[in-house]
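The values are calculated or read from the model by the stated rules, or taken from the named source; none is laboratory data. These figures come from a predicted structure and were not determined experimentally. As a convention, Cβ positions derive from the backbone with ideal geometry for all residues, glycine included, and neighbour counts pool all protein chains shown.
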Amino acid sequence: MRRPDPERGTVTTVHVASASPYDVEIGHGLVRRLPDILGEGVERVALLYAAELAELAGPVHEVLLEHYDVLGLGLPDGESAKTVAVAEQCWEALGEKGFTRSDAVVTFGGGATTDLGGFVASAWLRGVRVVHVPTTLLGMVDAAVGGKTGVNTEAGKNLVGSFHEPAGVLCDLDLLRTLPQPELAAGLGDADVGADARQRVPAGGAVADLHGDQLGGGQEEPAAAEAHHPVPDQPDRPAGHVDRPEPLPPGEPHQLAGLVELGRLADQ
């Protein structure tokens with residue numbers, strides 16, 4: 001479903017009809033949607049973000065501070081975040097701040113961050129709300145969708161985890177402008193954007209249009225956690241389906257790649 005937004009332009013919503021249904025919103029400038037997605041009754045929010053993205057996470061932190069008591073937890077980069085030790089440190093921080101079942105977790109980063117943050121949320125008090133704000137293309141079309149969470153062990157990747165559906169996913173396409181063009185191209189390939197997408201997107205259009213000036217500059221970094229949380233990819237997705245979106249007009253190549261991938265998940 002597409003809807004016009006006077007401040008953010010067109011926002012595309014893909015409804016994931018799983019056991020715990022939720023929406024994936026795709027568009028620009030979606031950070032201010034976080035309180036609406038988190039819902040009522042939340043007093044405390046833990047913002048788990050990749051430490052290398054602290055500057056980009058600043059606006060997310062500021063929006064959350066307007067509504068909640070916010071605990072900022074910086075995570076190690078990439079797979080090094082996905083360990084039981086890092087998850088434990090996050091849980092200890094939640095306990096120290098008195099997080100209850102009515103409180104929530106927000107993740108900001110790539111697939112490793114959503115994996116770890118989702119796992120932390122799934123286990124704390126047997127499950128609290130989590131909203132993902134993925135910052136990579138592959139994170140938007142795969143890692144943050146489907147409720148996959150987990151950490152690595154010495155025996156292998158993603159051997160410990162759970163399925164924990166998010167309360168929502170915000171795919172803010174402005175974040176993709178910070179990615180190098182080769183990484184965007186690789187993400188499109190990993191997303192398995194098929195022939196249907198290629199027929200509707202000019203060659204290279206999605207990459208060229210999404211790549212732009214780097215965001216940042218003058219943004220306040222989120223508060224660091226009392227302990228800097230080190231932490232470690234994901235089992236198979238549970239049964240469920242994604243409502244296929246209607247075709248997008250030619251002027252919206254940004255939304256197309258992610259939507260085609262989300263539609264592809266309906267066939268799995």
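Observations on the model:
- Residue that is β-branched (Val, Ile, Thr), under 14 Å from Val169 (Cα atoms), within 17 Å of the chain's Cα centre (by Cα) and buried (at least 23 other Cβ atoms within 10 Å of the Cβ), where the choices are Val45, Val24: Val24
- Candidate set from segment 127-148 (those that are at pLDDT 95 or above and not hydrophobic (A, V, I, L, M, F, W, C)); member that is surrounded by the most Cβ atoms within 10 Å (Cβ to Cβ): His132
- Options Asp142, Asp174: the member that is more than 10 Å from the chain's Cα centre (by Cα) and acidic (Asp, Glu): Asp174
- Residue match in segment 60-70 (condition: under 27 Å from His15 (Cα atoms), surrounded by fewer than 21 Cβ atoms within 10 Å (Cβ to Cβ) and among the β-branched types (Val, Ile, Thr)): yes
- Residue in segment 103-111 that is at pLDDT 95 or above, among the hydroxyl-bearing types (Ser, Thr, Tyr) and within 16 Å of Leu34 (Cβ to Cβ) present: yes
- If the condition is being touching a helix residue (DSSP H, G or I) at 6+ places or on another chain (Cβ under 8 Å) and farther than 14 Å from Tyr49 by Cα, then segment 80-102 contributes Trp91, Leu94, Phe99, Thr100, Arg101.
- Of all residues in segment 109-126, one or more are surrounded by fewer than 24 Cβ atoms within 10 Å (Cβ to Cβ), charged (D, E, K, R) and either closer than 24 Å to His67 by Cβ or more than 8 Å from the chain's Cα centre (by Cα) (or both).
- Test: residue in segment 84-94 that is in contact with a Lys or Arg (Cβ under 8 Å, 6 or more places away or on another chain), surrounded by fewer than 17 Cβ atoms within 10 Å (Cβ to Cβ) and not basic (Lys, Arg): no
- Here Gly118 meets the list (1) touching a Pro at 6+ places or on another chain (Cβ under 8 Å); (2) of a type outside the set (Val, Ile, Thr); (3) modelled with pLDDT under 95 almost entirely, failing just condition (3).
- Out of Ala186, Ala206, sole residue that is modelled with pLDDT under 90, farther than 25 Å from Ser20 by Cβ and buried (at least 20 other Cβ atoms within 10 Å of the Cβ): Ala206
- Selection of first residues in segment 96-107 that are surrounded by 13 or more Cβ atoms within 10 Å (Cβ to Cβ) and basic (Lys, Arg) and of second residues that are in a loop (DSSP other than H, G, I, E, B) and at pLDDT 95 or above, restricted to Cβ pairs under 9 Å at least 6 apart or on distinct chains, gives the following pairs, ordered by first then second residue: Lys97/Asp103.
- Selection of segment 38-56 for residues being closer than 21 Å to Pro166 by Cα, at pLDDT below 95 and in contact with a strand residue (DSSP E or B) (Cβ under 6 Å, 6 or more places away or on another chain) yields only Ala50.
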